[in-house]
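*Asks:* First the structure, then my questions, so here it is.
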Amino acid sequence: MLESTVQPRAEKLTVTDQGLLYNARINRYISLRFPKKCVESDTNIEIRILPFNMEKALLVKEDFRFVYPDLTDFELATDYFDISSDTPSFRRSVSVKIPTGLESFNEENREEMIIMRKDLESGQWYVVESSMKITKTTVSFDTKALGRFIILKAPAKRKLRMKNALPALETKMLKCRREILIFKKMLKKSWNVWVELVKPSQVASVIKKRENDGLTCISQPESVSVDLDGRPEYAVPVIPPASSPEKGLSLTASETEFTNNMESDKADLESTAELFINIYDTDGDVSTSHFSRAAFKKLSRAKSLKKEIEYLEVDDGTDCGGIELSGDIQLVEEGPLNMFFLENHQDNFITFEIEPKETEQEGDIEATIQYHVENTNTSNGLVTKTVMRVCTFTITAEQVADYFWVEPPPEPEVVEEEKNEEVSPESVVAKEMLTQKEAAKVTAEKIREQADTVQRLSAPMRPKQLISREPRVLSGRSLQTLSRLIDEGLTLAVYLDMPDSTITGIGFDALSNGLSLADVTYRILLRWKRSTRVKGDSAVMELANALSSMGRHDIVAILKERHRRNAELTPSCFTSLHGEDEPEDLHDYNPGTVVPMKQFTF
C-alpha cells in the first residue's frame, strides 16, 4: 500500500522560565507571548499550519444538514493552526495571535466569531472563552492550554453547539464521496470490464467520455436504501409519541395513516431518530404526549432521505473496496481486484479482462459484478463486507460464439511442378552472366549507401560561418592619412549622423587637452567606425556620402578607387591633389609625433 509522505512544514522553538515573545517565520501574522514563570522548565513548542478546505466543508454542510443539525449554523472557518507543547497547561496565560485571512472576520462580526481549541491528545474540541483583540488580518486571545486552533463564524446563540458540529465536520471532510460506475467493452476476442470512482457532480461527463472511447455503462446511480445508523454521540435520540392527538386537531388522511401504522414505522423512526425531539418525563422515560404535526413532517422528510443515492465514502491513499465476479464468467488472470483511491488523481479506476467459465458455452450467459467494502470491528476485530453495488448483465449468444470462433488455417499454396526441359549450355552461361551483373549492381548500391552514410556522419554539424574582414581603407593607418586632409572634423561628425552629445564631448575634450584639428578628426573617425552598425562596403559608402556632402569629391574618388583595389590610403595616393604644394609632412605624419596627443578613453 502506498503511504502519504507529505507533511506540513513545522517551526520549532523553546520557551524558558524567563518567558518569550516569538514572531513565527512560517507566517508573519503568527506570534506567541509567554510571560515569565509560565513554565517551570524549558518547554518545546511546535507550530504547524494545516489548510481547511472550505469548499468541501460547504458540501458536507449541504449533504448532511439533516443528519447533523448543528452544521446548518456553520458559515466560515480559517485554517487550522497547530501549536503543540510538552506542557499540557501553563501557569500563566499565553497570548496567541493568528491570522484570519478573510474579510468577514472583523470587529463588526465579533459576536459571531468563535475560537475553537482541540486537545491534540484526547481529540476533544473546546470553546476558548477569552476576550479577543481583532484587527483587519489577525485575532489575538489568551489561553492557558495550547493545541489546534481554528476560528469559526456562526450565530452567537449557537456558539456552544459548534464544539459538537466541528467533530462531525472533520469526520466527513476526511472522507471523499464518490460514485461507482461500471463499464464493459465486448470485442470478438476480448471482454473487458472497467470500474471507476468519480465525483457525483461528474457522473454524466465521465459516462459520456467513456462512451466516446467505446465503453458501455452497465451500472449507473440509482436510488437505494440508505442506512442512517452510526449517529454521532451528541445527537439526541428522539421518537415522536404515538398517543392521542392534540385536542381540537382534525387529522388529515396521511396523518391518520401515520397514527395507525406507527408500529410498522417504528424501525424507520429509530433509524432517523436524530431528526426529532423527544419529550421526557421526570423518570427519564418518553412521555405519552399528544401527536405532533411537526414530528409528522420531519418523519416524512426522513423517509425521503432513505431514497437518496448511497455514495461511497473513502479515505485518500487507501484501499477503498474490492470486486467479486459471479455467474458464468471468470477472470482471465486470477488475482485480487482491489481499488486504490487517490483524491488528487484525475482517474481512479481498475480494468480487468473476463472470459466464460466453460469452453463450450452456448446461448446467453449471465454475469454479475459486486463492489464491496470491508469494515473492521474495533472491539472484536471481525471483518464484515458491505455490498455497495451489484451489476448484472447478459452476454448474448452471438458474442459468445464470436469469442470461441477459431479462424481456419490458411490453405496451402499449390506449387506447379516445373517441366523438365532440356537446358542448352548457352542459356546457362547467359543466366550466370545476368546473375553476376545483378550482384555487381547490388554491391555498387551498398558501397554508395555506405559512402553517403560516412559523408553524413563526418559532415560538420554547425553551418559554415563567413569571416568578414574590415575594408583596408578603414584601417587605422588609412584613417590617420585621411584625418590629415580634413580640417572640419566636427562637420564630418554631423554628416556621419553621430549623436550631438558625442560631438560636444569630443569638442570640449579637444579644447581642454589642446588637440589639433587633425587629432579631432582622427578621434571622430575612430569613434564612428566603432559605433556604426553597417560594416564592410556599406561603411565605406557611408563615409563617402558624408565626404560628398562636405564637397570633398576629390577625396571620395580616391577613397572608392583604393577600396576597389583593396588597398590602404597612403600619403602618396593624394599627391595629385596638392601637386607642388604638397605639404612636406604629409608622408611623415603620425598622430602623436607632430602634435603630441594625450591618452584618452572612448
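The values are calculated or read from the model by the stated rules, or taken from the named source; none is laboratory data. This structure is a prediction, so every number in the text was calculated from the model and none was measured. Heads up, the Cβs are rebuilt from the backbone with ideal geometry, glycines too, and the neighbour counts pull from every protein chain shown. For the accessible areas, the whole protein counts, side chains as well, though only heavy atoms, and no ligand, DNA or RNA atoms are used. Shrake-Rupley method; radii C 1.70, N 1.55, O 1.52, S 1.80 Å.
*Asks:* Take Gln361 and tell me if it is part of a strand (DSSP E or B), surrounded by 12 or more Cβ atoms within 10 Å (Cβ to Cβ) and more than 37 Å from the chain's Cα centre (by Cα). Before the answer, list the steps.
*Replies:* Working: part of a strand (DSSP E or B): no; surrounded by 12 or more Cβ atoms within 10 Å (Cβ to Cβ): yes; more than 37 Å from the chain's Cα centre (by Cα): yes.
No.
*Asks:* Quick check on the range 338-358: of everything there that is assigned to a loop (DSSP other than H, G, I, E, B) and open to solvent by less than 90 Å² (accessible area, probe 1.4 Å), which residue is nearest to Thr396 (Cα to Cα)?
*Replies:* Let us first name the residues in the range 338-358 that are assigned to a loop (DSSP other than H, G, I, E, B), namely 342-347, 357-358.
Now restrict to residues that are open to solvent by less than 90 Å² (accessible area, probe 1.4 Å): 342-343, 347.
Values: Leu342: 36, Glu343: 37, Asp347: 30 Å.
Among them, the one singled out is Asp347.
*Asks:* Now, a different point. Count, please, the residues in the range 1-16 that happen to be at pLDDT below 90 and either surrounded by 11 or more Cβ atoms within 10 Å (Cβ to Cβ) or farther than 16 Å from Ile83 by Cβ (or both). If you could, list the steps in order and put the result at the bottom.
*Replies:* Residues of the range 1-16 at pLDDT below 90: 1-10.
Filter once more, keeping what is either surrounded by 11 or more Cβ atoms within 10 Å (Cβ to Cβ) or farther than 16 Å from Ile83 by Cβ (or both): 1-8, 10.
Residues flagged as at pLDDT below 90 and either surrounded by 11 or more Cβ atoms within 10 Å (Cβ to Cβ) or farther than 16 Å from Ile83 by Cβ (or both) within the range 1-16 amount to 9.
*Asks:* For the range 84-92, indicate whether the set of residues that are free of Cβ contacts under 8 Å to residues at least 60 places away in the same chain and open to solvent by less than 30 Å² (accessible area, probe 1.4 Å) is non-empty.
*Replies:* Checked the range 84-92: at least one residue is free of Cβ contacts under 8 Å to residues at least 60 places away in the same chain and open to solvent by less than 30 Å² (accessible area, probe 1.4 Å).
*Asks:* A further question follows. What's the total number of residues in the range 364-381 that are at pLDDT below 75 and among the hydroxyl-bearing types (Ser, Thr, Tyr)?
*Replies:* So the answer is 3.
*Asks:* When the range 79-106 is examined, which residues are found to be outside any strand (DSSP E or B), over 10 Å from Thr138 (Cα atoms) and more than 28 Å from the chain's Cα centre (by Cα)?
*Replies:* Initial filter on the range 79-106 (outside any strand (DSSP E or B)): 79, 86-93, 100-106.
After this cut, where a residue has to be over 10 Å from Thr138 (Cα atoms) as well, the list is 79, 86-93, 103-104.
Listed by number, the residues that qualify are Asp86, Thr87, Pro88, Ser89, Phe90, Arg91, Arg92, Ser93, Ser104.
Here's the yes/no breakdown for (1) open to solvent by 100 Å² or more (accessible area, probe 1.4 Å); (2) among the charged types (D, E, K, R):
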{"site": "Gln18", "(1), (2)": "yes, no"}
{"site": "Tyr22", "(1), (2)": "no, no"}
{"site": "Arg33", "(1), (2)": "yes, yes"}
{"site": "Val39", "(1), (2)": "no, no"}
{"site": "Asn53", "(1), (2)": "no, no"}
{"site": "Val60", "(1), (2)": "no, no"}
{"site": "Asp73", "(1), (2)": "no, yes"}
{"site": "Ala77", "(1), (2)": "no, no"}
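*Asks:* Here's a check for you: in the range 65-78, which residue that is in contact (Cβ under 8 Å) with a residue 12 or more places away in the chain and part of a loop (DSSP other than H, G, I, E, B) is nearest to Pro8 (Cα to Cα)?
*Replies:* The initial filter retains those residues of the range 65-78 that are in contact (Cβ under 8 Å) with a residue 12 or more places away in the chain, namely 66-71, 73-78.
If we keep only those that are part of a loop (DSSP other than H, G, I, E, B) too, we end up with 66-68, 74-75, 78.
On the way: Phe66: 34, Val67: 32, Tyr68: 30, Phe74: 26, Glu75: 26, Thr78: 16 Å.
Only one residue fits best here, namely Thr78.
*Asks:* Run Ile218 past the list (1) open to solvent by 80 Å² or more (accessible area, probe 1.4 Å); (2) at pLDDT 50 or above and report the number of the one that doesn't hold.
*Replies:* Condition (1) is where Ile218 drops out.
*Asks:* Please indicate, with yes or no, whether at least one residue in the range 316-337 is under 34 Å from the mean Cα position of the chain (by Cα), open to solvent by 60 Å² or more (accessible area, probe 1.4 Å) and at pLDDT 75 or above.
*Replies:* Scanning the range 316-337 turns up at least one residue that is under 34 Å from the mean Cα position of the chain (by Cα), open to solvent by 60 Å² or more (accessible area, probe 1.4 Å) and at pLDDT 75 or above.
*Asks:* Continuing with the same structure: Would you tally the residues in the range 85-135 being among the basic types (Lys, Arg), modelled with pLDDT of 90 or more and more than 19 Å from Ala165 (Cβ to Cβ)? Break it down into steps so the answer makes sense when it comes.
*Replies:* Applying the first criterion (among the basic types (Lys, Arg)) to the range 85-135 yields 91-92, 97, 110, 117-118, 133.
Cutting the leftovers down to modelled with pLDDT of 90 or more gives us 91-92, 97, 117-118, 133.
Applying the additional criterion that residues be more than 19 Å from Ala165 (Cβ to Cβ) yields 91-92, 97, 133.
Within the range 85-135, residues that are among the basic types (Lys, Arg), modelled with pLDDT of 90 or more and more than 19 Å from Ala165 (Cβ to Cβ) number 4.
*Asks:* While we're here: Can you tell me which condition Phe64 does not meet? The list is (1) within 19 Å of Lys175 (Cα to Cα); (2) open to solvent by 40 Å² or more (accessible area, probe 1.4 Å), and all the others hold.
*Replies:* It fails just one condition, (2).
*Asks:* Still on this structure, please answer the following. Do we have Thr384 as surrounded by 10 or more Cβ atoms within 10 Å (Cβ to Cβ), hydroxyl-bearing (Ser, Thr, Tyr), at pLDDT 75 or above and outside any loop (DSSP other than H, G, I, E, B) here?
*Replies:* On the way: surrounded by 10 or more Cβ atoms within 10 Å (Cβ to Cβ): yes; hydroxyl-bearing (Ser, Thr, Tyr): yes; at pLDDT 75 or above: no; outside any loop (DSSP other than H, G, I, E, B): yes.
So Thr384 fails the test.
*Asks:* Taking Asp497 as the residue in question, decide whether it is closer than 17 Å to Lys560 by Cα, among the acidic types (Asp, Glu) and modelled with pLDDT of 85 or more. Spell out the reasoning first.
*Replies:* On the way: closer than 17 Å to Lys560 by Cα: no; among the acidic types (Asp, Glu): yes; modelled with pLDDT of 85 or more: yes.
The answer is no for Asp497.
*Asks:* Which residue, of Ala77, Ala24, is among the aliphatic types (A, V, I, L, M) and modelled with pLDDT of 90 or more? Explain how you work it out, then say what you get.
*Replies:* On the way: Ala77 fails: modelled with pLDDT of 90 or more.
Of Ala77, Ala24, the one residue that is among the aliphatic types (A, V, I, L, M) and modelled with pLDDT of 90 or more is Ala24.
*Asks:* Oh, and also: Condition test on Thr491, is it open to solvent by less than 20 Å² (accessible area, probe 1.4 Å) and not acidic (Asp, Glu)? Reasoning before the result, please.
*Replies:* Working: open to solvent by less than 20 Å² (accessible area, probe 1.4 Å): no; not acidic (Asp, Glu): yes.
Judged against the criteria, Thr491 is not a match.
*Asks:* Check whether at least one residue in the range 151-173 is under 22 Å from Arg28 (Cβ atoms) and either touching a residue at least 40 places away in the same chain (Cβ under 8 Å) or surrounded by 15 or more Cβ atoms within 10 Å (Cβ to Cβ) (or both), and report yes or no.
*Replies:* Quick first cut of the range 151-173, residues under 22 Å from Arg28 (Cβ atoms) only: 151.
Filter once more, so that each one left must be either touching a residue at least 40 places away in the same chain (Cβ under 8 Å) or surrounded by 15 or more Cβ atoms within 10 Å (Cβ to Cβ) (or both): 151.
So far as the range 151-173 goes, yes, one or more of its residues are under 22 Å from Arg28 (Cβ atoms) and either touching a residue at least 40 places away in the same chain (Cβ under 8 Å) or surrounded by 15 or more Cβ atoms within 10 Å (Cβ to Cβ) (or both).
*Asks:* Might you check whether a residue that is more than 32 Å from the chain's Cα centre (by Cα) and at pLDDT below 85 occurs anywhere in the range 164-184? Let's see the steps before the verdict.
*Replies:* Initially, the range 164-184 is screened for residues more than 32 Å from the chain's Cα centre (by Cα), giving 164-165.
Okay, now just the ones that are also at pLDDT below 85, so 164-165.
Within the range 164-184, one or more residues are more than 32 Å from the chain's Cα centre (by Cα) and at pLDDT below 85.
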